[in-house]
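The values are calculated or read from the model by the stated rules, or taken from the named source; none is laboratory data. Computed from a predicted model, the values in this text were never measured in an experiment. Because the Cβ atoms are built from the backbone with ideal geometry, glycine has one as well, and the counts that use them run over all protein chains shown.
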Amino acid sequence: MSAATHTTELERQQRLIAAIFAPQMEPAACPDVLQDGARREAGLAAYRGNGLAHARNALRAQFPTVLAMLGNDAFDVLSARYWRARPPRRGDLAWVGEELPAYIATVDSLDAWPWLADCARLDWAIWQTAGAAPPRMTHADLQRLAAEDPAGLSLRLAGCTAYIPSAWPIVTIHLAHQDEAADWSMVRQAILDGGGQTAWVWRPQGDAAAEVRTIALEDAAARWVAALAAGESIVGALDAAGEGFDFAAWMQKALAEGWLDGVAAFAPR
Amino acid sequence: MPAPPLLHGIGLRQPHYREFRALRPPLGFVEVHSENFFNPHDAASQVLAAVRKDYPVSLHGVGLALGSACGLDEHHVRQLAELVARIDPVRISDHACFARAPWGQRGIVHAGDLLPIAYTHASLDILCANVERVQDRLGRPLLVENLSAYLDFPERDFSEPQFFAELGRRSGCGLLLDVNNLYVNALNAAEPDPLQAVCGWISELAREAPPGLVGEIHLAGFSEQQGLIIDDHSRLVAEAVWQAYVHALDCLGPVSTLIEWDEHLPTLSVLLGQAERAGALCAARCETAQAAS
Amino acid sequence: MDKRRLIAATSVSLLALGILAAPPASRAAALEKCFGAAKAGENACAGVHHCAALSDLHGCKGSSKVNYDPADFRLVPDSTCAKLGGLDEQQAKALLKHPRAVHAFEAQMQKRNS
């Protein structure tokens, strides 16, 4: 194929994409099409409407708490602005919400609810965890842990877990949305009392049929998990966790719930 | 005389899973959207693996964007290849559309819809290259579906049937003939006799195309919104589309046929009723063919 | 107990407990749960999906609301955002630094308004 004709097609396609994601309906920006006037605008609107509707429906599934917090109308506005500001990079809608939490943090009209972005991070973590690989920890990992110097080992967190530290009580807010009888004045109190929460999210044993669980970590456990996620050695992570962290109880729960992918040689950074 | 094989299938959608599992209706195949099953670890993939034990599965993609001049997304191709390896589908299809293009600082973006391509030599080259790349990766042919297009480009080196015939000859892919899309296009083009326009399209394809080009037929319903006919798969198949379908079977012989229904999903029995109607029309053609031979 | 001994002892006792060898829950039962999961969009409670991973995200259909483009509408949070109430800029800033001070400020405001 000649380079010139390929360029013609590429430019034609670029112009249609630009017209679809343009902030205003700009038929002038549209490439030459057979249709004109209102019929051309209707055609452009159909493509925009379709792309946006697909993205919005996916975002609703991926951010149920944000949807419940904003309400349908505001969520639609947010979805439409997000779609335009950060057009999808992939054809797989499972990833369409990847940048929504960061985008929410930039939206001025949401400033009064500064926890929204972190709540969106928690929604996204739950969505990701629901489709993550099962844990890979084996007996051999445990035997290695019993036999080798733990200063030279680190624990790998499983893909079906996630932790989200926040300056806001995001777990309290999240759980209130699961509770029809939630007392919103208590939730507001939790916000005003200050103090953030670290959310810990996992899908038990990575089982496809299991529901994803979300809890708030105690401070010591939050420090422990953060250290593991940072790739610390087990001894280093225990030092980071400090007093009040029950390693034996955590490990028992970790194996029962499937929080670990295994043991790796500690590689200091 | 053995019963002819079942050729009709339905698009399996989430709200029907439970009832479908309980009923296990007689169908030639079920079809799903490939991208909904890219993740091997989620619940949807468990469902599809179980369904696959009882039915041939046709994987219908919506996101490859085979006509994109900027090329394909390697990640998307790889995920499709992995899904194909897991499911061993009876057919694999996507659309003759583009969706990916460079967009300023953001790089290549995906419009999330099936955008029209021009029926030019350059477009055909692009589509052929992309189709061949996917076929090489999968080690098997694709079916490429004709679009319902809401905008058309004036430059044109081929009629649409010629374009698909040529695509098939060059790349070895087949055509997934969406009869409803032809009818939607005829309505949106304000054809004086839309049914005749669709039948003419199909007749031209039958003349131009290599034998066996059409590997599957799609039938669906549409709706009208503000003067534009939208292919939203929201209703019963229109009677005119059934008539065009009969013409297609007359021209092409019996072909595996899918009822697509995505918006305002009906009960499973309504959906199965539409599929059975297609199946009966196919079976009648099979018997005629057997009697003639 | 020394950290190294604690880790080794814990590992030995977990090996003895055989937690990792526990058989997974019945595959068949789990599978039926996948089929029977709540509809995509069906609320478990307050808009939170039971089984979000089952959502049919993709389709090749057109949308039924083609001319609907809400991007230019005002973004006014409703629903539980309204129930929770927002914070003004000062409150938000202060809360991130001195939660107790904001608490006192809020109580003061409430008193003034009542």
query: Which residue out of B:Ser45, B:Ser34 is surrounded by 24 or more Cβ atoms within 10 Å (Cβ to Cβ), touching a residue at least 40 places away in the same chain (Cβ under 8 Å) and either hydroxyl-bearing (Ser, Thr, Tyr) or in contact with a helix residue (DSSP H, G or I) (Cβ under 7 Å, 6 or more places away or on another chain) (or both)?
result: B:Ser34
statement: The lone condition C:Cys60 fails out of (1) more than 23 Å from A:Pro64 (Cβ to Cβ); (2) at pLDDT 55 or above; (3) not in a loop (DSSP other than H, G, I, E, B) is (3)
query: Mind checking which residues of region B:75-104 are more than 11 Å from every other protein chain (Cβ to nearest Cβ) and either of a type in the set (S, T, N, Q) or under 15 Å from the mean Cα position of the chain (by Cα) (or both)?
result: B:Pro89, B:Val90, B:Arg91, B:Ile92, B:Ala96
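For (1) closer than 22 Å to A:Gly231 by Cα; (2) β-branched (Val, Ile, Thr); (3) facing chain C (nearest Cβ under 7 Å), each residue gets a yes or a no:
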{"residue": "A:His139", "(1), (2), (3)": "yes, no, yes"}
{"residue": "A:Ala147", "(1), (2), (3)": "yes, no, no"}
{"residue": "A:Gly152", "(1), (2), (3)": "yes, no, no"}
{"residue": "A:Cys160", "(1), (2), (3)": "yes, no, no"}
{"residue": "A:Ala182", "(1), (2), (3)": "no, no, no"}
{"residue": "A:Gln189", "(1), (2), (3)": "no, no, no"}
task: Select from region A:83-102 the residues that are in a loop (DSSP other than H, G, I, E, B), more than 9 Å from chain B (Cβ to nearest Cβ) and not small (Gly, Ala, Ser) and write down the one among them that is farthest from the chain's Cα centre (by Cα).
output: A:Glu99
task: Go through (1) more than 10 Å from chain A (Cβ to nearest Cβ); (2) surrounded by fewer than 21 Cβ atoms within 10 Å (Cβ to Cβ) one by one and return the number of the condition B:Pro40 breaks.
output: (1)
- request: Kindly provide the set of residues from region B:20-62 that are outside any loop (DSSP other than H, G, I, E, B), among the charged types (D, E, K, R) and under 24 Å from B:Val255 (Cα atoms), ordered by number.
  value: B:Glu31, B:Arg52, B:Lys53, B:Asp54
- line: When region B:245-271 is checked residue by residue, the ones that are surrounded by fewer than 22 Cβ atoms within 10 Å (Cβ to Cβ), within 19 Å of C:Gly59 (Cα to Cα), of a type in the set (A, V, I, L, M) and in contact with a strand residue (DSSP E or B) (Cβ under 9 Å, 6 or more places away or on another chain) are B:Leu268
field: Options A:Ala4, A:Ala61, A:Ala46: the member that is under 21 Å from B:Ser68 (Cα atoms), within 11 Å of chain C (Cβ to nearest Cβ) and of a type in the set (A, V, I, L, M)
entry: A:Ala46
- request: Return the residue satisfying two criteria in turn: it lies in region B:139-149 and is closer than 14 Å to B:His60 by Cα and among the hydrophobic types (A, V, I, L, M, F, W, C), and of such residues it is surrounded by the most Cβ atoms within 10 Å (Cβ to Cβ).
  value: B:Val144
- prompt: What strands (runs of 3 or more DSSP E) lie completely within region B:175-233 and have 3 or more residues being buried (at least 24 other Cβ atoms within 10 Å of the Cβ)?
  reply: B:214-220
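Tell me, which residue of region A:235-269 that is of a type in the set (Gly, Ala, Ser) and in contact with a Ser or Thr (Cβ under 7 Å, 6 or more places away or on another chain) is nearest to the other protein chains (Cβ to nearest Cβ)?
A:Ala248
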query: (1) in contact with a Phe, Trp or Tyr (Cβ under 8 Å, 6 or more places away or on another chain); (2) within 9 Å of another protein chain (Cβ to nearest Cβ); (3) under 22 Å from A:Arg269 (Cα atoms): which one isn't true of A:Trp168, the others all being true?
result: (3)
- prompt: Since A:Ala162 meets every condition but one in (1) under 17 Å from the mean Cα position of the chain (by Cα); (2) in a helix (DSSP H, G or I); (3) not assigned by TED's automatic domain parsing to the domain that holds A:Tyr82, which condition does it not meet?
  reply: (2)
query: Quick one: is A:Ala216 among the aliphatic types (A, V, I, L, M), more than 10 Å from every other protein chain (Cβ to nearest Cβ), under 25 Å from the mean Cα position of the chain (by Cα) and under 25 Å from A:Thr129 (Cβ atoms)?
result: yes
- request: Could you tell me whether any residue of region A:40-59 is free of Cβ contacts under 8 Å to residues at least 60 places away in the same chain and part of a loop (DSSP other than H, G, I, E, B)?
  value: no
statement: Of the listed residues (A:Gln205, A:Gln178), the one being in a loop (DSSP other than H, G, I, E, B) and polar (S, T, N, Q) is A:Gln178
message: I'm trying to understand the selection: among the residues of region A:206-229, which are buried (at least 18 other Cβ atoms within 10 Å of the Cβ), on the phi < 0 side of the Ramachandran plot and out of contact with any helix residue (DSSP H, G or I) (no Cβ under 7 Å at 6 or more places or on another chain)?
response: A:Ala222, A:Val225
statement: Going through (1) of a type outside the set (Ser, Thr, Tyr); (2) within 10 Å of chain C (Cβ to nearest Cβ); (3) not in a loop (DSSP other than H, G, I, E, B) one by one, A:Ala120 fails only at (2)
message: Residue under question is B:Val109, and the condition is that it be farther than 30 Å from B:Ala49 by Cβ, crowded, with 19+ Cβ neighbours inside 10 Å and either in contact (Cβ under 8 Å) with a residue 40 or more places away in the chain or of a type in the set (A, V, I, L, M) (or both); does it hold?
response: yes
- request: Might you let me know whether region A:137-159 holds any residue that is among the aliphatic types (A, V, I, L, M), assigned to a strand (DSSP E or B) and either within 30 Å of A:Leu70 (Cβ to Cβ) or over 18 Å from the mean Cα position of the chain (by Cα) (or both)?
  value: yes
- request: May I ask you to say which residue of A:Arg156, A:Arg203 is buried (at least 23 other Cβ atoms within 10 Å of the Cβ), outside the structural domain of A:Pro101 (by TED's automatic domain parsing) and among the basic types (Lys, Arg)?
  value: A:Arg203
- request: Could you grab me the full set of residues in region B:239-282 that are small (Gly, Ala, Ser), touching a residue at least 40 places away in the same chain (Cβ under 8 Å) and farther than 12 Å from B:Gly28 by Cα?
  value: B:Ala240, B:Ala244, B:Ala248
task: All but one of (1) over 22 Å from B:Ile229 (Cβ atoms); (2) in a helix (DSSP H, G or I); (3) in contact with a helix residue (DSSP H, G or I) (Cβ under 7 Å, 6 or more places away or on another chain) hold for A:Ala74, so report the exception by its number.
output: (3)
- line: Apart from one, (1) touching an Asp or Glu at 6+ places or on another chain (Cβ under 6 Å); (2) surrounded by fewer than 24 Cβ atoms within 10 Å (Cβ to Cβ); (3) within 30 Å of B:Asn188 (Cα to Cα) all hold for A:Asn50; the odd one out is (2)
